[in-house]
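> Pasting a structure below so you can have a look.
FYI, it's all coordinate maths here, none of it is from the lab. Treat the numbers as computed from the prediction; the structure is a model and nothing was measured. Ideal geometry is used to build each Cβ from the backbone, glycine not excepted, and the neighbour counts take in all protein chains shown.
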Amino acid sequence: MSQTPHSDGSRRNAKGRERNRGQRNQQGERGRQGQGRRYSQKAPSQRSRRADPARTAAFKVLRAVSRDDAYANLVLPAEIRRATLDRRDAGFATELTYGALRAQGTYDSILSRCVDRGLDQLDAPILDALRLGVHQLLAMRVTTHAAVNETVGLVRAEIGAGPSGFVNAVLRRVSEKSMEQWVEEISGAEEAGSDAALALQHAHPAWVVRALKQSLKMHGRGEELQELLTADNASPEVHLVELPGVGQKRLASALEAGAAASHLVEGAAVFRGGDVGRLPGVPEGELRVQDIGSQWIARALAGAWTPETTDPDVAGERWLDLCAGPGGKAALLAALAAEHGATLLANEPAAHRAELVTKALSAVPAEAWSVRAGDGRSIAETSERYDRILIDAPCTGLGALRRRPESRWRRRPADLAELTVLQEELLDAGVGVLAPGGVLAYVTCSPHPAETLVQVEDVLRRHPELQLLDAHEAMASASLPAGAEAMEATAGQEAEGGSISSKLVQLWPHAHGTDAMFFALLHKPGRLQVQEQ
């Protein structure tokens, strides 16, 4: 996290603290609130009740996340449009929102030293406003005066005048130290370099730090933990995909608008230029927002060869996306299927998410796809066998913490028990409908060993007829030259983990610039059953 330059108010503050020390000892919290006024030209009661639109948008997103378990990356664009923010203010709101959510645990540790009660005793809206104020004070280029006054104005406008003095006093206490000083203080009791210390320094729960460290070691990257934690806290880029055969020239328009073509896979780009919803093709679904790691894996599955394959022609094949919602990978797979004469069934258990899948697929010719709303574990009810199956299983999402910063604080170790059982059941269901000669991609957006390597080991044990293919080869075949080189390097590191691990692909934000996607490719030996057209 970058540091915020402080004003020279600290010298004035020192004199003021000496002058008011006696009064402060007698007045308690009420006196501390009054003390905070010396930093500002106006008392809280005299400040404007109007809130800055960018800060208001950020506050509303944090409230949706806290109150409704919403995802910031879904709520924020709507709030930005509702507030009609220009590009600069939209960027400010985005950094403020994601930054406050990313560092929530660390900021709460700091706030706990500046509040005279437990944070659980604060009203949730007040705590969210304080988190926004702390991020401005410690990690953005916002002056102390502006950070405090604007946050107080936000509180008065969105919550009420009552808590404004309290918020003013707390933020003044936070502003007395820099981010480095606060981190040193809150992590001082922890052993240097320990999981607990790194958790506070890099704003990750300690259990997540342990899981990431274990996974990095398993994949031959044991010395890269701090690089990964730093990458998790970087502002995420927007990745774009042009649907093959559908979105011709849409990517070219994005490149003209400032996007940069991906060096890893064809048809992808990185966009940093503002509201992606305004790019041609995005409203129509022909140009989509999708992490390049997800694109890469979908293309690898569509083009995967097996030891028995003598003809790369997939015409007539049936493909299945078993966990399709909200439809990103399904749209790309359907477009690829349409190009090569295959068909895709996109399965999603939740009816409302199945509608999202249908909408996502609407840009692809209708004869190439269909949608099923049903539990993936009951997919055998379709009485079909599928030549290529994608199981992008529900998981902890620890691989997308830079895009979904609230997930790191929302998830708990106990979530693994339920998720890993579901992953196991989905794998068994997918294997049950995999055609002889077919391939099944097991994918998670998590590097946690319990959701990745352990699941692959267990499914091979339960289904000894399966063969584990080298996923690096499939990824390399779906890559541009730079992507193929990256896969060659990754394969060399994976080889340190053993025979099974050496055939698995784990992408990393700090190494590949993608989400930490996991990819395993399973093959059921037998003659490839190609459906008559």
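> Expressed as an acute angle from 0 to 90° and rounded to the nearest 10, what is the orientation of the C-alpha long axis of helix 164-174 relative to the principal long axis of the chain?
80 degrees
> I want to make sure I understand the PRE zone here: with the label point 7 angstrom from the Cα of Glu367 toward its beta carbon, which residues in region 312-332 have backbone N atoms less than 18 Å away?
Within reach of a label on Glu367, which here means backbone N under 18 Å from a point 7 Å along Cα→Cβ, region 312-332 contributes 314-319.
> Quick check on my link table: of Lys359/Lys524; Lys213/Lys329; Lys60/Lys249; Lys249/Lys329, which ones sit more than 26 Å apart, alpha carbon to alpha carbon? Each step should come with its number before you reach the end.
Details: Lys359/Lys524 32 Å; Lys213/Lys329 28 Å; Lys60/Lys249 37 Å; Lys249/Lys329 20 Å.
Going by Cα-Cα distance, Lys359/Lys524; Lys213/Lys329; Lys60/Lys249 fall outside the 26 Å limit.
> Follow-up. I'd like the orientation of helix 415-432 relative to the chain: the angle between its Cα long axis and the longest Cα principal axis, in ° from 0 to 90, rounded to 10.
Approximately 20 degrees, to the nearest 10.
> Tell me, what is the FRET efficiency for Asp123 and Arg410 to the nearest 0.05, using R0 = 22 angstrom and their Cβ-Cβ distance as r? Write down the numbers at each step before the final one.
Values: r = 20 Å, r/R0 = 0.90.
The pair Asp123/Arg410 has a calculated efficiency of 0.65.
> A further question follows. Can you give the extra length, in nm with one decimal, that the chain gains between His352 and Leu255 once fully stretched, where that is 0.36 nm per residue apart less the Cα-Cα distance?
31.6 nm
> Roughly how many nanometres apart are two label points built 7 Å out from the Cα toward the Cβ at Asp116 and Arg462?
Calculated label separation equals 5.7 nm.
> Taking the beta-carbon count within 10 Å as an exposure proxy, list Glu473, Glu348 from fewest neighbours to most.
Values: Glu473 18, Glu348 26.
The order, fewest Cβ neighbours first, is Glu473, Glu348.
> Sorting Arg117, Arg377 on the 10 Å Cβ count, fewest up front, what's the list?
Values: Arg117 9, Arg377 16.
Ascending number of Cβ neighbours within 10 Å: Arg117, Arg377.
> Working out 0.36 nm times the residue gap between Arg377 and Glu424, then minus their Cα-Cα distance, what length gain in nm do you get to one decimal? Spell out each step's value before the answer.
Details: separation 47, 0.36 × 47 = 16.92 nm, distance 0.99 nm.
Computed gain between Arg377 and Glu424 is 15.9 nm.
> Quick check on the chain: helices-only [θ] at 222 nm, where DSSP H runs of length 4 and up contribute -39,500 (n - 2.57) each and the sum goes over total residues. Nearest 500, please.
Mean residue ellipticity at 222 nm (helix-derived): -15000 deg cm²/dmol.
> Moving to a separate point now. Relative to the longest principal axis of the chain, what angle (0 to 90°, nearest 10) does the C-alpha long axis of helix 72-82 take?
The angle comes out at about 70 degrees.
> Continuing with the same structure: Need one number: nm distance between label points at Thr84 and Ala192, each 7 Å from Cα along Cα→Cβ, rounded to one decimal.
5.5 nm
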